[in-house]
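Chemist: Here it is: the structure, laid out below.
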Amino acid sequence: MRDHGSSQPTAVELEILRIIWELQPCTVGEIHERLAKTRRTNYSTTMKMLSLMLGKGLLARDEGVSPHRYRAVLTRERVRKSLLGELIDKVYEGSAMGVALQALARGRATPEEIAAARALLDRLEQKRPS
């Protein structure tokens, strides 16, 4: 759930951002076509969502071409870092390790992801003063 004061994208906005990150720049029609595959939505609702996202500064629109083309203002990585930071602060009381342990405990980590986590922990341990 999102606070009214949060600058984070909603679940629907994230879905739209994923589409735009993949296709950008793209038209309303292209976005709606992809969005309609997973959500029961009409074209005008898609347009309204894009308008709201423009107002929030999540998207930019190129009005110099017809039809208008949309692109994401924020990178996927920036959104991920921001959402993760908010999750760590609000849910895990600032404990990044709590998030990592919970994520790994879900049992969905691939052997490659587990190896990457081990390598990261090894690097962090080597950096710590003895």
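Chemist: Can we say Leu83 is surrounded by 11 or more Cβ atoms within 10 Å (Cβ to Cβ) and touching a Phe, Trp or Tyr at 6+ places or on another chain (Cβ under 7 Å)?
Modeler: Spelling it out, it is not the case that Leu83 is surrounded by 11 or more Cβ atoms within 10 Å (Cβ to Cβ) and touching a Phe, Trp or Tyr at 6+ places or on another chain (Cβ under 7 Å).
Chemist: Could you tell me which of the residues Leu121, Leu58 is surrounded by 10 or more Cβ atoms within 10 Å (Cβ to Cβ) and modelled with pLDDT under 90? Please lay out each step first, then the result.
Modeler: Numbers: Leu58 fails: modelled with pLDDT under 90.
The conditions single out Leu121.
Chemist: Let me ask something else. Do any residues in the stretch 69-92 that are within 30 Å of Thr27 (Cβ to Cβ) have Cβ atoms under 8 Å from those of residues that are modelled with pLDDT under 95 and loosely packed, with under 11 Cβ neighbours inside 10 Å, where the two are at least six apart or on different chains, and which pairs are they?
Modeler: These pairs meet every condition: Val73/Gly57.
Chemist: Evaluate the stretch 77-93: report whether one residue or more is aromatic (Phe, Trp, Tyr) and in contact with a strand residue (DSSP E or B) (Cβ under 8 Å, 6 or more places away or on another chain).
Modeler: no
Chemist: Then there's this: Only residues that are of a type in the set (Val, Ile, Thr) and at pLDDT 95 or above: list them for the stretch 61-74, please.
Modeler: Passing the criteria: only Val73.
The values are calculated or read from the model by the stated rules, or taken from the named source; none is laboratory data. In this text, all values refer to a predicted model and were calculated from it rather than measured experimentally. A quick note on method: Cβ atoms are made from the backbone with ideal geometry, for glycine too, and the neighbour counts reach across all protein chains shown.
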